[in-house]
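A short worksheet on the structure shown next.
The values are calculated or read from the model by the stated rules, or taken from the named source; none is laboratory data. This structure is a prediction, so every number in the text was calculated from the model and none was measured. Methodologically, a virtual Cβ is constructed for each residue, glycine included, from the backbone with ideal geometry; neighbour enumeration extends over all protein chains shown.
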């Protein structure tokens, strides 16, 4: 996988990551940040999950799945009816998590130079459960 150059990646402006256009969440364990993620509007009622990350020290604890659920709940609160994401083929565990969480692979919807897979999930209030 080529090294990430933030300047070449798709932008996520601070204004895009605050309500009503989006949100940025941080997950912590005993007060230490171990995960983060963002969701932002990309079309009317469509959000994009951006920059989800889990610290190596917290991997395997289910924190990624909990962060994904929290981002979906936030997307629903923001009025999004679906959420999209893109990811790199090297992130096999993340891809498996997205698929098991109900994301389906779709046609390429952006020009992210680091993405090999594009996913989308329709959100329903009743299907976005608390973690």
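Would you point out which residue out of 48, 9, 28 is at pLDDT 90 or above and either more than 15 Å from the chain's Cα centre (by Cα) or assigned to a loop (DSSP other than H, G, I, E, B) (or both)?
28
Restricting attention to the stretch 102-131, and to residues there that are in a loop (DSSP other than H, G, I, E, B) and modelled with pLDDT of 95 or more, which single residue is nearest to residue 24 (Cα to Cα)?
123
Determine whether the stretch 60-71 contains at least one residue that is within 22 Å of residue 21 (Cα to Cα), touching a strand residue (DSSP E or B) at 6+ places or on another chain (Cβ under 8 Å), surrounded by fewer than 18 Cβ atoms within 10 Å (Cβ to Cβ) and in contact (Cβ under 8 Å) with a residue 40 or more places away in the chain.
Yes - at least one qualifying residue is present in the stretch 60-71.
Here is a check on your reading of the model: is residue 34 more than 25 Å from residue 124 (Cβ to Cβ), modelled with pLDDT of 90 or more, touching a helix residue (DSSP H, G or I) at 6+ places or on another chain (Cβ under 8 Å) and not in a loop (DSSP other than H, G, I, E, B)?
Spelling it out, residue 34 is indeed more than 25 Å from residue 124 (Cβ to Cβ), modelled with pLDDT of 90 or more, touching a helix residue (DSSP H, G or I) at 6+ places or on another chain (Cβ under 8 Å) and not in a loop (DSSP other than H, G, I, E, B).
Among 99, 84, which is the only one that is outside any helix (DSSP H, G or I) and surrounded by 13 or more Cβ atoms within 10 Å (Cβ to Cβ)?
None of the others qualify; the one that does is 84.
Which condition breaks for residue 68 when tested against (1) within 21 Å of residue 13 (Cα to Cα); (2) assigned to a strand (DSSP E or B)?
Every listed condition holds for residue 68 apart from (2).
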